[in-house]
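K.L.:
This is the structure, below, for whatever I ask next.
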Amino acid sequence: MLELLAGAQFAAMIVLLIAAFITFIRLAKGPKLADRVAALDLLAVIFIGMMLLHTISTGEQVYLDAVMVLAMISFIGTIGFARYIIHERERS
Amino acid sequence: MINGITISFLLLGALITLLAAVGLLRFPDLFSRMHAASKSASLGVILLAVAAAMQIDGVIGVVKIVLIIGFIFLKSPVSAQALARAAQAPGEPAYNMKAPEEPPISAEKSSET
C-alpha cells in the first residue's frame with residue numbers, strides 16, 4: 001500500500017507538471033493581457049498543489065506555512081492587474 | 001484504508017487540475033477560459049489539500065490545511081470576478097455574446113467607491 005501511495009504521489013506530480021506546461025502555453029500565447037493574467041492565477045494554484053504534494057512526500061510541515069502565505073496573497077496581483085486593465089482602457 | 005482514500009483523492013485532484021489547464025488552453029474566449037480555470041482548479045487543489053490532511057500527523061498541520069482550503073475558497077471567486085469585470089469593454093469580441101454598449105466599470109467610478 002505504501003508503494004502504491006508513493007506511486008500515486010509521483011503520478012499526481014507528473015499530472016500537475018503537465019498542467020503547468022499547458023498553462024505556460026496559454027501564458028505565452030494569450031492574445032490579450034487578461035488571458036495572461038488568468039494563466040498566472042491558475043499557475044499559482046497549480047504551484048500550491050505541488051507544494052502540498054511535497055508536504056505529503058517529505059512530511060515536513062514547514063511547507064504548509066509557505067502554502068498558506070501563497071494562498072493568502074496570490075490574488076492581490078490579479079486584482080492589481082484588473083485595476084491596471086481598467087486604467088489602460090480609460091486612457092486610450 | 002486511509003491510504004486508499006488518499007490515493008484516490010490525490011489522483012482525482014491532479015486530474016481535475018489538469019482539466020482546468022486544458023480548459024484554459026482550449027476554450028474560445030476569455031470568459032469561458034476563466035470559467036474553466038477558476039472553479040475546477042480550486043476544486044482540484046482542495047482535493048489535494050484533503051489528501052495532505054489525511055497523511056500528515058498532528059493537529060496543527062490539519063488546522064493549517066483547513067485555513068489553506070478557506071483561503072483558496074475565498075480568493076478564487078474574488079480574483080475571477082475582478083478580472084472578468086475589468087475585461088468587459090465596448091467592442092471587445094467574445095464568443096457568442098454581444099459586447100456591452102458602454103463600459104460596465106470605469107476608473108473614476110471604481111476609485112470613488
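Any read-out appearing in this document is the output of simple, stated calculations on the displayed coordinates, not a laboratory observation. Everything numeric here is computed off the predicted structure, so don't read it as measured data. Every residue, glycine as well, gets a Cβ built from its backbone with ideal geometry; the counts of neighbours run over all protein chains shown.
K.L.:
Ranked by Cβ crowding within 10 angstrom, fewest neighbours first, how are B:32, B:76 ordered?
P.N.:
B:32, B:76
K.L.:
Once all Cα-Cα distances of chain A are split into 5 Å bins that start at 0, what whole-number percent is in each one?
P.N.:
Each 5 Å bin holds this share of Cα pairs: 3, 12, 18, 17, 18, 12, 9, 6, 3, 2, 1, 0, 0.
K.L.:
Could you tell me the distance between the Cα centroids of segment B:16-32 and segment A:46-79, to the nearest Å?
P.N.:
Going from one Cα centre to the other spans 22 Å.
K.L.:
Quick one: if the Förster radius is 35 Å, what FRET efficiency do residue B:54 and residue B:22 give, using the C-beta to C-beta distance and rounding to 0.05? Walk me through the numbers before you get to the answer.
P.N.:
Numbers: r = 27 Å, r/R0 = 0.78.
Computed FRET efficiency for residue B:54 and residue B:22 comes out at 0.80.
K.L.:
Right, here's the next one. In which sequence would A:15, A:69 go, from the one with the fewest C-beta neighbours within 10 Å to the one with the most?
P.N.:
By the 10 Å Cβ count, ascending, the order reads A:69, A:15.
K.L.:
Mind giving me the nanometre distance, one decimal, between the label points for residue A:76 and residue A:57, set 7 Å out from Cα along Cα→Cβ?
P.N.:
In this crude spin-label approximation the distance works out to 3.1 nm.
K.L.:
What is the spread of the Cα atoms of the protein assembly as shown along each of their three principal axes, largest first, in whole Å?
P.N.:
Per principal axis, max minus min of the Cα coordinates gives 59, 33, 23 Å.
K.L.:
Would you mind ranking B:1, A:50, A:72, A:1 so that the residue whose beta carbon has the fewest other beta carbons within 10 Å leads the list? Intermediate values should be presented prior to the final figure.
P.N.:
On the way: B:1 6, A:50 20, A:72 15, A:1 11.
Fewest-to-most Cβ neighbours within 10 Å comes out as B:1, A:1, A:72, A:50.
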